[in-house]
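Following: one structure in structure tokens, then a few remarks.
The values are calculated or read from the model by the stated rules, or taken from the named source; none is laboratory data. Note that the coordinates shown come from a computational prediction; the quantities given were computed from them, not determined experimentally. Ideal geometry is used to build each Cβ from the backbone, glycine not excepted, and the neighbour counts take in all protein chains shown. Each accessible area value is taken on the protein alone, full model and side chains, heavy atoms only, with ligands, DNA and RNA left out. Shrake-Rupley method; radii C 1.70, N 1.55, O 1.52, S 1.80 Å.
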Amino acid sequence: MRQKSQNAIAFNESFKKRTNRQHVLSFAACAHCGTCNDSCHYFLATGDPKMTPAAKMDKIRQVYKAQKDWLGRLMPTWVGAKEIETDEELLELQDIVFGSCTGCRRCTFNCPFGVDTAALVGLARSCLVDLGYAPEGIKVVMKDQWEIGNQMGISKEEYLDTLEWVQEELQEEFGNPDYKVPIDKKGADFVYVVNPREIKYDPRSLQAAFKIFYYAGLDWTMGSEGWDNTNFGLFSGKADLGGHMGNLAYNHAKKLEVKRMIISECGHGLRSTKWEAPNWGKANPLPFEISSLLELMVDLINIGKIVLDPSKNPYPVTYHDPCNLSRSCGITEEPRFCLNRACVDFREMIPNRGDSYCCTGGGGAMSMSEYTGRRLEVAKVKADQIRKTGAAIVATACHNCVDGLSDVIKNYNLRYDYRDSKTPSLLRVCNVCELVAEAMVIPAEIKKTAAKAPQNAIKGKKVLVIDDEPDIIVFIETLLTDAGFKVVTANDGMTGLEKAKTEHPDLITLDITMPGKSGIQFFRELRSSAETANIPVFIITGAIDFRQLMYQKAVQAPDGFMMKPINPEVLLMTVNKILEKSVRNKTVVN
Amino acid sequence: MDYIVWKDLGPLTRLVMNQLHYLGLLFMIVAYSYKIYQIFQYPSAKEGTPPRGDHQKAIRYSYMTLAMPWELDTQKHHMYRYVEFALFHIAMAVGIGFAFILPMAHEFMKNSFIIGFSKLFFVLGFLIGISRLARRVYSPAMRRISTLDDYFCLMLLTLWMFSGILAAPLKSELFLFAYYFFATFFLFYVPFSKISHYVYFFFIKYYVGKHFGHRGTFPKKGSMPTVKNV
Ligand code: SF4
Ligand code: SF4
């Protein structure tokens, strides 16, 4: 027998300790029948025999067999039993459980014996993470959740700042200068717990939800703490982190004495906060109920607190069932109820509900840039599914899925022909609440301005636009100049870096794929120099690998991102948001 | 050819049929009892959240999916394989029934309908066994997940079915001996092998049903929640 490495010994030991009854049954009950083979998008897209759920799980099952199976101990080769022996095997296992499985549970639903492959993946992940075997992005996010209390390392100031920005936007939209986003309102009916992506990068779903609450006249609040519904305890298999994140949210909700906690549209957020974390953190029973925003919207529509006009969403819409919602939370009909009332043409994706394929961004995959290539390769299954619907908009109820699907659409060039436009546009991905908010019939409806004029405080601010495509530079320059900003441009990273030092811009919009110095290199150098480190950066790109900057965070993360083709409304909204926040921060510092 | 005369059976056949076979059954019961005891030594995952669905209904559904191939997306698209799976397992049940009833009611088993019925399933079991074996050998995905134990069990079951085809008419002691030899061997071997999945099935399906039922995921396709007072 080979000498086992220290890590291998530690892995085998912790594996033995953490195995519970349900794991044992899943290990022992697999008959290697192969029924689940075709359920996994990794196998379907690649045809690689190593990618079937059973083949992947056998790499974990072999340890169980070596430790517990009678024949496995007597004749290991006979049943494929083997403990982990080397560090290389640990790396191989890391590649399987983090890079080849999103824990979507589609195979669990398709196993005639009920083998829960995803639970076994969770077990293996937890043992690996303890030994430091995990993708960098997972480690960074775990650290941020432990130390700062949210997955994007957002400070309390930045969080409150974003809420204030959203409040100002909505004051204008509602025509109500007194409108306030309630924070820490004691005794409110519910506290709204969100995904940090909504705060850091894309507040459109926040605005949509707040708009719904406002017009429905609800008594609610945001919490100044414990506001992150995401939980890398689930993706790392670490129950202690899972319990910690859950307890942050529960304890604050208890302090606020709310009756309910409403979770924004996030698949793993709802699963962790409602079902897993109360068990992990020994928080049962909770003195309040936990529901999804989707359930709340169903209630509001049912009792007439919000009225929808589907003609406001005239283009065909399909729905992607987030795995965690459909298979682990039983939320399948609520989004359909909302979409059928908010859109004229709702089309089912086949298969759907519990049978839906993963968006390929689940299980923390969006934070693991080392597996981006494989993720996009196996996304073919999802891309084919979406293409067949002929929809213009893919609605979903999860921020991970929004990012995952955006990458799929971009990579597989999924477009919709709007007839009035010359080139068919890439499909739009959005949360269900955004379509509901768009369809809301509002008394004395306030007309939305397509491009909001910049606030006085940011008027005349200087934006450095870096892109190697002259057309794009002209497009962004025109848009920003018309909106009252000063614009300087650079068409490669090198020139961009020089201009960042000489022009002292207030904001940089940055392309990623450029000849010479790539956007990623540029960004790292910019952030590493004291002179330029604090210039806000807004990434505008067609390349998917920029996500490593959001999650790996060797340097401070970018301040905003947007996928090309450029949506002018979103571009201006993000530029306004970043600049207004930076002006506010400077005022506070001064 | 005439039926076997029971009192004329050789001592070896009698030993396997009447003693070793039942001893094997006893061994299997003891072995499984111990295995189940071992499984229950592991802590069960804790669930303290309030339920969203109906546990009982979900547990029933969990067991029933075995007979509802349309509920499993992959089986729905491979109905041929499901029919194979169902017939193969029925053939195994017929084989076990045949082996245990025969020593107690040999005259009754000479009924031509029973012989024909058993033979039909032995033939089906044998053919499906060969087809499954071929699939395991030729499909790279199946080969990848197959252990020596998987091949061994399938080969032996297929041979057992073959011996059943020859033994079912109850006219040859040699074939009957072969049939009981395989049956007895299985009773001793099965608790060690992957065939044990049929025992674990009852436990895992309970837990899976309870888990997904708790969250309102099982039975599949959730129903609309009732309107709450906002
Ligand atoms: S996990 Fe289930 S479906 Fe997949 S090979 Fe094992 S028993 Fe068959
Ligand atoms: S959980 Fe999903 S990704 Fe993982 S093996 Fe199963 S089907 Fe594939």
Within segment A:427-434, identify whether any single residue is assigned to a helix (DSSP H, G or I), modelled with pLDDT of 85 or more and in the same structural domain as A:Met563 (by TED's automatic domain parsing), and answer yes or no. no
Could you check, for segment A:374-389, whether at least one of its residues is under 22 Å from A:Pro310 (Cα atoms) and in contact (Cβ under 8 Å) with a residue 40 or more places away in the chain? yes
Please tell me if A:Leu128 is away from ligand 2 (no atom under 12 Å from the Cβ) and in a helix (DSSP H, G or I). yes
Yes/no for A:Val79 being in contact (Cβ under 8 Å) with a residue 40 or more places away in the chain and touching a Leu at 6+ places or on another chain (Cβ under 9 Å): no
Any chance you could count how many residues in segment A:546-569 are open to solvent by less than 20 Å² (accessible area, probe 1.4 Å) and assigned to a helix (DSSP H, G or I)? 5
The one condition in (1) more than 10 Å from chain B (Cβ to nearest Cβ); (2) within 26 Å of the chain's Cα centre (by Cα); (3) surrounded by fewer than 22 Cβ atoms within 10 Å (Cβ to Cβ) that A:Pro287 fails to fulfil: (2)
Residue check: is B:Tyr151 part of a helix (DSSP H, G or I), under 30 Å from A:Cys40 (Cβ atoms) and open to solvent by 40 Å² or more (accessible area, probe 1.4 Å)? yes
Is there a residue in segment B:9-28 that is in contact (Cβ under 8 Å) with a residue 40 or more places away in the chain and within 14 Å of another protein chain (Cβ to nearest Cβ)? yes
For segment B:39-56, what are the residues that are loosely packed, with under 15 Cβ neighbours inside 10 Å and more than 10 Å from chain A (Cβ to nearest Cβ)? B:Pro51, B:Gln56
Sole residue being more than 7 Å from chain A (Cβ to nearest Cβ) and open to solvent by 50 Å² or more (accessible area, probe 1.4 Å), chosen from B:Ile59, B:Ile90, B:Ile36: B:Ile90
Can you say whether A:Leu120 is aliphatic (A, V, I, L, M), within 14 Å of another protein chain (Cβ to nearest Cβ) and surrounded by fewer than 23 Cβ atoms within 10 Å (Cβ to Cβ), as far as the supplied structure shows? no
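Each row is one residue, and each column tells you yes or no for (1) among the β-branched types (Val, Ile, Thr); (2) open to solvent by 10 Å² or more (accessible area, probe 1.4 Å); (3) closer than 16 Å to A:Glu295 by Cα; (4) within 12 Å of chain B (Cβ to nearest Cβ).
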position: A:Pro322; (1), (2), (3), (4): no, no, yes, no
position: A:Pro335; (1), (2), (3), (4): no, no, yes, yes
position: A:Asp345; (1), (2), (3), (4): no, yes, no, no
position: A:Pro351; (1), (2), (3), (4): no, yes, no, yes
position: A:Gly354; (1), (2), (3), (4): no, no, no, yes
position: A:Tyr357; (1), (2), (3), (4): no, yes, no, yes
position: A:Gly361; (1), (2), (3), (4): no, no, no, no
Given the options A:Tyr159, A:Tyr133, name the one that is open to solvent by 10 Å² or more (accessible area, probe 1.4 Å) and either within 14 Å of chain B (Cβ to nearest Cβ) or more than 16 Å from ligand 2 (Cβ to nearest atom) (or both). A:Tyr133
With the checklist (1) more than 7 Å from chain B (Cβ to nearest Cβ); (2) open to solvent by less than 40 Å² (accessible area, probe 1.4 Å); (3) within 16 Å of ligand 2 (Cβ to nearest atom) in hand, flag the one item A:Asn37 doesn't pass. (1)
Inspect all residues belonging to segment A:79-95 and state whether any of them is under 22 Å from A:Asp240 (Cα atoms) and either open to solvent by 20 Å² or more (accessible area, probe 1.4 Å) or under 24 Å from the mean Cα position of the chain (by Cα) (or both). yes
Could you go through segment A:256-264 and let me know if any residue there is closer than 30 Å to A:Asn20 by Cβ, open to solvent by 20 Å² or more (accessible area, probe 1.4 Å) and not basic (Lys, Arg). no
